[in-house]
Amino acid sequence: MEVPLDAILGMREEYRREMGCQIVHDSWHARGFTTSYHLILDGELAGYGAVGGAPRDPKETIKEFYLLPRYRGAAQALFGALIARSGARAIEAQTNDRLLLLMLFDRVAEVSSPTILFADGLTTEHAPSGATFRRLREAEHGAVFAHTHEPKGEYGIECEGVIAATGGLTFHYNPPFADLYMEVAAPYQRRGIGSYLVQELKRVCRGMGRIPAARCHESNAASRRALERAGMFPCARIVQGAIRS
């Protein structure tokens, strides 16, 4: 059956609303990294599924699975149809995406969960001695310390006359969420600089009318510590696994 595009877009907005949190790969749709599938039951549009992959990877991972409430009793059958039609080989879900998470545990034998998601939960008042938060001048970017994990940000912490940390915000997530990122130069780590930077980036983010969010790899203990000291607390994880054949 022919399905109006507006109907699909409307359902995706309902999915975003129900999630009520940062959707880490929300921008994949606009960037062409996913293929969407209509889910039809008894001749009616019941929902949609999105199957995608990172740039240059095949589109074989189920990223979204949304059903209108009255069709959720048929979730198992419709999810099976999505797998069959798309040829998906894996599932990746945020643990705060309850429907897709349940489908994942039904279909996946071994699950990995490397990424932790954070939500803003507390306002802090860190003020390390001698540290100043400010926007970096364009001319300063070339002289900033070499970054190994994150891009050089447009904001920084100056300490002892040196740019000790940089960070910024990215906005390719579902509104009104923005993602915070930062990196601290090795000589200034474990001095509260990272927490101070996250705290001030949160303030900038709120001033833009956005909601701060963040994520880090489970092995990055320093980043997690800085986020939590700045009032960003774990709210979910990303789980993934191959679909059982």
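No lab work stands behind these numbers, since they all come straight from the coordinates. Everything quoted here is computed from the prediction, not taken from an experiment. Using ideal geometry, Cβ is built from the backbone for each residue, glycine included, and neighbour counts are taken over all protein chains shown.
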*Any residue at all in the stretch 8-30 that is surrounded by 17 or more Cβ atoms within 10 Å (Cβ to Cβ) and over 25 Å from the mean Cα position of the chain (by Cα)?*
no
_Residues that are surrounded by 19 or more Cβ atoms within 10 Å (Cβ to Cβ) and β-branched (Val, Ile, Thr): list the strands (runs of 3 or more DSSP E) wholly contained in the stretch 33-137 that include at least 1 such residues._
34-41, 44-52, 61-67, 90-94, 112-120
*Is one or more of the residues making up the stretch 195-214 surrounded by fewer than 20 Cβ atoms within 10 Å (Cβ to Cβ), on the phi < 0 side of the Ramachandran plot and either of a type in the set (Phe, Trp, Tyr) or part of a strand (DSSP E or B) (or both)?*
yes
_Residue list for the stretch 63-102, filter: under 23 Å from residue 7 (Cβ atoms) and touching a residue at least 40 places away in the same chain (Cβ under 8 Å)_ = 64, 66, 68, 81, 82, 83, 85, 86, 88, 97
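Name the one entry in 226, 165, 242 that is among the aliphatic types (A, V, I, L, M), in a strand (DSSP E or B), within 27 Å of residue 112 (Cα to Cα) and touching a strand residue (DSSP E or B) at 6+ places or on another chain (Cβ under 8 Å).
Within the list 226, 165, 242, the selection yields 242.
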